[in-house]
Amino acid sequence: MKLWDGRFTKPTDSMTDHFNSSLSFDYRMYQQDIAGSIAHVKMLGKQGIITPQESEQIQQGLEKLLLDIKMGKVSLAQKSEDIHMLLETLLTERIGDVGKKLHTGRSRNDQVAVDMRLYLKDEILEIKQLILDLLQTIYDMAKQHKDTFMPGYTHLQRAQPISFAHHLLAYFEMFKRDYKRFEFAREMADSMPLGSGALATTTYPLDRNYTAQLLGFKEVCQNSLDGVSDRDFCLDFLYACANMAMHLSRFSEELIIFNSHEFKFIELDDAYSTGSSIMPQKKNPDIAELVRGKSGRVYGNLVALLTTLKGLPLAYNKDMQEDKEAVFDSLDTVKMALPIFTKMLSTITVNKDQMYDAAAGGFTNATDAADYLVKKGVAFRDAHHIIGKLVLICTNSGYTLETLPLSEYQKISEIFDNDIYDAIAIKTCVLDRNVLGGPAPEAVSTHLKLACEMLATERGISPVEN
Ligand code: ARG
């Protein structure tokens, strides 16, 4: 027996039931479904669409049902088309015929839309906390590494010296933007579709603003067709997940490279590494690799839902049921990847000497050597050429710019003097890049101050710097 089978002359095929059912994945919205129903039924009572007693009876029935599900007294692993049908059936079994009035002036189309919005609004708050934890870790680490010099790269070739703090803070900015993207996705979900009905509202005198207020929505969806067919908020969420997964993946990739024997800039903690079944010497960065790898499914979910939605006429179509697995999978993936990534990052060992040697040995101060000449009146293009020649000499003779004797410098240009060595010391090169947003410890401190303020504002506490 189905809640909608009045006009049917025979039962549905069992394959239809199985194929059509979303219960195996939408059961997780049971709290939001019940919250939506309670608000709806309160509004029905207030408007005199059902009697206050009926409204009260249904509300109590729903509250008791919620409690019993939470306590494990009621299982949701049942045969039903979806969570909405199941909860209504369970309610009516418990409180009798009055339960059948719950669905007055409502359709599953606006019901599922409100459930998804409530669900995402709750979950995004959790994701935001997880991002804040990651931002805090990055901030704490950056504070320790203002004077940890390393090469900055372009094309994965050593380019100019920076500090590890400066490198880390680049990720602070990326994840800060991700945080904002999730805030935006939450805002997009913050409109209340109930009252849209199946597509064209209803003939009952609903008070939609009241329902929205009860459910904590900022506003009401202004068009009923849009109210039931908008899944943009799911896409915004999936995009926020995808962009963040990309950042996590890039960061993971760097940790993998920096952790390699070729780089040895960092060492991943044993707790976040694994061994090989055959090669006893191996300590593999599996966690970082998995975080990197999971970006694939998160991108896939975004593309999948975009594709599902692209040809749909207004208003509701069953295709839209496909939004859930995409959203839930990205949600679960991000909620798993973020905290383990944060732990993995916070436990790395930083090999400062190795980082320094890489910066010193990799001609990362070549630009500074050219600037040295410019400051003595040489045109930059000529200076570039002179230093290029010196780099070639160093490469052929095993010197670095710091160890090359002054006599060799002077063979190429007489302008060079003993002060060249100070000018191209790695420390000088970093300290001199004291432009806003740059790697000099002073510029990094300015950034750290802003980062500290952002974290404090978002956590609702006052900023504590040290
Ligand atoms: N399980 C459905 C979904 O997730 C609920 C809405 C069903 N509405 C309908 N008219 N069949 O989209």
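The numbers here are math on the coordinates, done by the rules we state, and not lab data. What you see is a predicted model, and the numbers here were worked out from it, not measured in a lab. Cβ placement follows ideal geometry from the backbone for every residue including glycine, while neighbour counts extend to all protein chains displayed.
Observations
- Rg over Rh for the stretch 243-329 works out to 1.22, both radii taken from alpha-carbon positions and Rh defined as the Kirkwood radius.
- Förster radius 45 Å - calculated FRET efficiency between D269 and T428, Cβ distance, rounded to 0.05: 0.85
- Contact order normalised by residue count of the chain, Cα under 8 Å, 6+ apart, percent: 15 percent
- Per residue, the convex hull spanned by the Cα atoms of the stretch 119-237 amounts to 117 cubic angstrom.
- q = 0.17, 0.20 Å⁻¹: log10 I(q)/I(0) that the Debye formula gives for the stretch 341-463, counting C-alpha atoms only: -0.92, -1.13
- For the stretch 369-409 and the stretch 292-316, distance of Cα centres in Å: 54 Å
- Directionally averaged shadow of the stretch 288-331, computed from the convex hull of its alpha-carbon atoms, nm²: 3.0 nm²
- Aspartates and glutamates with Cα under 15 Å of K282, excluding same-chain neighbours fewer than 8 positions away: E262, E267, D269, D270
- Helical runs (DSSP H, four residues minimum) scored at -39500 (n - 2.57) apiece and divided by the length of the chain put the mean residue ellipticity at 222 nm at -20000 deg cm²/dmol.
- Diagonalising the gyration tensor over the Cα atoms of the chain and scaling each eigenvalue by 5 before taking the square root yields semi-axes of 61, 22, 19 Å, largest first.
- Placed amide H near V220: partners under 5 Å, 5+ positions off or other chain: M192
- Building the convex hull from the alpha-carbon atoms of the stretch 284-367 and averaging its projection over directions returns 9.7 nm².
- Taking the Cα atoms of the stretch 65-193, the ratio Rg/Rh between the radius of gyration and the Kirkwood radius comes to 1.28.
- Applied to the stretch 256-263, the Karplus parametrisation 6.51 cos²θ - 1.76 cosθ + 1.60 on θ = phi - 60° returns per-residue 3J(HN,Hα) values of 5, 5, 5, 7, 5, 5, 5, 9 Hz, with x for Gly and Pro.
- Pairs from K64/K218; K143/K180; K294/K343; K2/K101; K79/K318; K427/K449 whose Cα-Cα separation, in the structure shown, is over 26 Å: K64/K218
- Across the stretch 234-277, Cα-Cα pairs more than 14 Å apart make up 64 percent of the total.
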